[in-house]
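Structure, as structure tokens:
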Amino acid sequence: MQQMSGGIDRLTAEQMDRADPLAATRDRFALPPGVIYLDGNSLGALPRGVTERVAEVLEAEWGRDLIGSWNTAGWIDLPGRVAGRIAALIGADPDEVAVADSTSVNVFKLLAAAVALRPDRRVIVMEPSTFPTDGYVAASVAQTYGLELRWCDPADPLAAVGADTAVLSLTHVDYRTGRVYDQVQITAGAHAAGALMMWDLCHTAGALPFDLHATGADLAVGCTYKYLNGGPGAPAYAFAARRLHSDLSQPLTGWMGHAEPFEMRRDYVPSAGMRRFQVGTPPIIALSALDAALDAFDGVELAALRAKSLQLTSLFIELVRARTDLEVVTPLDPERRGSQVSLRHPAAYGVAQALIARGVVGDFRTPDIARFGFAPLYLRAVDVWDAVEQLVQVLQDEEYARPAYAVRAAVT
Ligand SMILES: Cc1ncc(COP(=O)(O)O)c(C=O)c1O
């Protein structure tokens, strides 16, 4: 293996790892040997302790104690307990977060709640480059309530926000490019126009700090299967600032959001606070896995997490620029970068597949992006160095052009 490249050799990467204050958190994960996992921005790795916790839930709580576990094992309060742990990672109070459903469903609930809070305003503003589900759901909310969905210029979202705007909804870290919006400036701009501000934090929580209180944001959603490592399809979260709670109504009025679910009343009365964002029976096995997964963040400072993430992405960018001629799509300015780096290549799918065959797992986003996520809790500088070494080989040998990579799998 080549030892010197782009001014940074592998020994320097090893030194970075020895000086890394978060070096020990890698042991909190059960990573497969021989794999450099650069897809934690899509599905986080398995934290140690999750398997045991899920086994306990299955065998003792469900298998042995059966339905009694709703009370004896505290299943009924599990969404609230997990919400409190997520709140700490996004600058919210525990009672401002609900853990339920998927991000898509929570976008629907919160956008509907937002437009009900601004009945004299008929416009939802969103960036067209958002993750598609946000746009699909916003269009559906607009259609359901007879509103306009206005697509803004992603480079200047506030230009589309005016006196007619009920809510501006943006994804903090762009899933395709890794570009970060200025959370403070944009939230303030939306408020100055009298609009509510909603953030999608799917690519934020667990990788970079977001302070919902400091920004004054009104609403937020996010998933827990990326940097929070909750597992495939883990439940999502919804945030609403406490000042809005008393007036907040959401359209999916299920029994678990009722003030007294076991009184079995005919008519719906919302629970106080965020509990009204529960809809149906909580997924206890998935919630238990997520709860155990969040232990990986115990004692971790969010500033240290961000510093590590930037160290990894900066190293990757520097090595890629020194050793390849690929276009780096992600902003070079660290302030404007999330925890991923996207590279452009006409055969990006083949590049991603050839790397996977070499044990470097990233992914592909249509039409021409190879995407690499850097989960700061379990990746090292040497992983970055080794990944770039593999990338150089893939490009030199044109492995991306192999016929096997001509047909895309269902999930890319
Ligand atoms: C920004 C963003 N929003 C939403 C989603 C998906 O939401 P859901 O939890 O409904 O699958 C993703 C998935 O990658 C995403 O990146």
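The values are calculated or read from the model by the stated rules, or taken from the named source; none is laboratory data. As the structure is a prediction and not an experimental result, all values here were calculated from the model. When we count neighbours, we look across all protein chains shown, and the Cβ atoms used for this are built from the backbone with ideal geometry, even at glycine.
Given the criterion buried (at least 19 other Cβ atoms within 10 Å of the Cβ), part of a loop (DSSP other than H, G, I, E, B), in contact with a Gly (Cβ under 7 Å, 6 or more places away or on another chain) and not aliphatic (A, V, I, L, M), identify the matching residue among G40, G91. Give the steps one after another, and end with the answer.
Numbers: G91 fails: in contact with a Gly (Cβ under 7 Å, 6 or more places away or on another chain).
Answer to the selection: G40.
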(request) Being surrounded by fewer than 24 Cβ atoms within 10 Å (Cβ to Cβ) and at pLDDT below 95 narrows it down to one of S271, S246, so name that one. (result) S246
(message) I need the full set of residues from segment 328-342 which are touching a Leu at 6+ places or on another chain (Cβ under 7 Å) and free of Cβ contacts under 8 Å to residues at least 40 places away in the same chain, in order please.
(response) V328, P334
(request) Would you mind finding the one in Y237, Y268 that is more than 16 Å from the ligand (Cβ to nearest atom) and hydroxyl-bearing (S, T, Y)? (result) Y268
(message) Here are the criteria: (1) free of Cβ contacts under 8 Å to residues at least 60 places away in the same chain; (2) out of contact with any Asp or Glu (no Cβ under 9 Å at 6 or more places or on another chain); (3) more than 18 Å from I36 (Cα to Cα). Tell me which single one F364 does not satisfy.
(response) (3)
(message) Anything in segment 389-404 that is surrounded by fewer than 22 Cβ atoms within 10 Å (Cβ to Cβ) and either of a type in the set (G, A, S) or part of a helix (DSSP H, G or I) (or both)? List them, or say none.
(response) E389, Q390, V392, Q393, L395, Q396, E399, Y400, A401, P403, A404
(message) So V411 ticks every box in (1) out of contact with any Leu (no Cβ under 7 Å at 6 or more places or on another chain); (2) not in a loop (DSSP other than H, G, I, E, B) but one. Which box is left unticked?
(response) (2)
(request) Could you please give the count of residues in segment 114-130 that are over 22 Å from the mean Cα position of the chain (by Cα) and either within 16 Å of L201 (Cβ to Cβ) or part of a helix (DSSP H, G or I) (or both)? (result) 3
(request) Kindly indicate whether any position in segment 154-161 is within 16 Å of the ligand (Cβ to nearest atom) and farther than 15 Å from A193 by Cα. (result) yes
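For the subset of segment 323-373 comprising residues that are assigned to a loop (DSSP other than H, G, I, E, B) and of a type in the set (A, V, I, L, M), which member is nearest to Q183 (Cα to Cα)?
Only one residue fits best here, namely L332.
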(request) Scan segment 113-130 for residues that are surrounded by fewer than 23 Cβ atoms within 10 Å (Cβ to Cβ) and more than 12 Å from the ligand (Cβ to nearest atom) and jot them down. (result) V115, A116, L117, R118, P119, D120, R121, R122, V123, P128
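Find the residue count for segment 200-234, including only residues that are away from the ligand (no atom under 16 Å from the Cβ) and in contact with a Leu (Cβ under 6 Å, 6 or more places away or on another chain).
Count: 2.
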(message) Tell me the residue from V407, V411, V361, V382 that is at negative phi, in contact with a strand residue (DSSP E or B) (Cβ under 8 Å, 6 or more places away or on another chain) and surrounded by fewer than 23 Cβ atoms within 10 Å (Cβ to Cβ), please.
(response) V361
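Would you pick out the residues in segment 131-143 that are under 17 Å from the mean Cα position of the chain (by Cα) and away from the ligand (no atom under 13 Å from the Cβ)?
Within segment 131-143, no residue meets the criteria.
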